[in-house]
Every structure is written in C-alpha cells, then in structure tokens.
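Worksheet for the structure shown next.
Quick note: the coordinates plus some simple rules give every number you see, no bench work behind them. Computed from a predicted structure; not experimentally measured.
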Amino acid sequence: QLKSPDELLQKVQEYRLKRKLTQPTVNSLGSFFKNPYPSFAAQLIEKCNLKGLQYKGAHISPLHANFIVNNGGASAHDILYIASVAQKTVFEQYGIMLSPEVKLAGSFTHATTLSTEQSIFSPNVSQE
C-alpha cells in the first residue's frame, strides 16, 4: 500500500535515527562479516567479549561488534588483524567460521585468500 510522502519521510527519519544509535558513524568498513544463518556475526563477536578490541589504528566498534573502525591511520594489516582475531575467536568458541562480507583489493603480504574454510591470516602471522 502506498503511503503519503509525509509518512515515508517519517519512516526514513526513524531508520536513520535507529542506524545512528546502533551503528558507528565514524570511518568503518561497514558490516565486515556475513551473518552465518541462523546466527548474527555481531552477536557472536559480542559474546566473545571482543567489542572495543583495539590493534594499532583499528578497533572493533563498541557500538556494533560487526563493524571494524579506523581510528585514524589504520593500515589494511591492522584491520585484517582485528578481523582475524574475531574470526578465530568465534570459531574457537562456537565452531562457526565467519566469512568476510567485504572484498579485498590489492595484495596483502600477510593475508591468505578469504574463504569460509580458512582464517584471514596465515597461522604464522604475529602481532607487530
């Protein structure tokens, strides 16, 4: 059923407010992992107590655990390292391998091919 322009505008404003309250508004990659049906990536990451986890210039948003935020100056390695910690921890605690929703462009010396079967990083990568 078609709604009036005023009703549609009100709905848009409600959605924007909800998004502002539940998702970071700073520099982020957006939703990093796909939701593994019937679970939600953010809930799994949060249950692993990873909200707010920081590595160099990147951190897992304390507002929404499926958002990785660039604090300023984060490298691709920083972001992928945080993502790999989340991926590994969720797998160890729940047996669910989170699959990245983002697409990587370029070459990453420490990163492996992203898939549902393997971690984002090779096992021999350590924190720098």
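Quick notes on this structure:
- Over 21 Å between alpha carbons, listed pairs Lys47/Lys88; Lys34/Lys103; Lys11/Lys103: Lys11/Lys103
- For Ser28, residues with placed amide H under 5 Å, excluding near neighbours: Asn70
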